[in-house]
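The values are calculated or read from the model by the stated rules, or taken from the named source; none is laboratory data. Keep in mind it's a predicted model, so treat the numbers as computed, not measured. Glycine gets a Cβ as well: all are built from the backbone with ideal geometry, and neighbour counts include every protein chain shown. Heavy atoms of the whole protein, side chains included, go into the accessibility calculation; ligands, DNA and RNA do not. Shrake-Rupley method; radii C 1.70, N 1.55, O 1.52, S 1.80 Å.
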Amino acid sequence: RCEEEDVEMTEDAYAVLTRIGLETSLRYAMQLITAASLVARKRKGAEVGVEDIKRVYSLFLDESRSTQYMREYQEAFLFNELREHLGLG
């Protein structure tokens with residue numbers, strides 16, 4: 001994917017991205033490549049490094065972390081207020 005998008009990446013960044021892909025999904029890891037490339041460009045870096053991967057990983061949640069976040073904070077979301085207003089919960 002990096003070749004296709006013309007993204008240069010350090011070996012350590014590849015290793016981190018591979019680990020993320022194994023623990024989440026290949027699709028999620030591939031989507032991080034583009035975002036990490038933009039972060040690297042913003043800092044005027046020649047290649048994507050581990051810090052760039054970590055940055056985008058913290059900004060964009062994978063399905064598992066997103067579900068966990070929703071469960072933890074469901075009481076704070078608007079749909080919960082609507083349910084209470086309608087007497088459903």
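If the chain between E3 and R65 were fully stretched, how many nm would it gain, using 0.36 nm times the residue separation less the Cα-Cα distance? The partial results should precede the final answer.
Numbers: separation 62, 0.36 × 62 = 22.32 nm, distance 2.84 nm.
The span from E3 to R65 would gain 19.5 nm if fully extended.
Which value, in nm² and rounded to one decimal, describes the direction-averaged projected area of the C-alpha convex hull of the stretch 2-86?
Working: hull surface 27.5 nm².
Dividing the Cα hull surface by four gives the mean projection, 6.9 nm².
To the nearest 10 square angstrom, what accessible area does T24 show with a 1.4 Å probe?
About 50 Å², rounded to the nearest 10.
Quick one: order V7, V39 from most to least accessible surface, probe 1.4 Å. Spell out each step's value before the answer.
Details: V7 15, V39 40 Å².
Sorted by accessible area, descending: V39, V7.
Which distance in nm do the two modelled labels at E23 and E11 give, with both placed 7 Å along the Cα-to-Cβ direction?
Placing both labels 7 Å beyond Cα along the Cβ direction yields 2.2 nm.
Could you report the accessible area of L59 in Å², rounded to 10, computed with a 1.4 Å probe on the protein chains as they sit in the structure?
My reading of the accessible area for L59 is about 90 Å².
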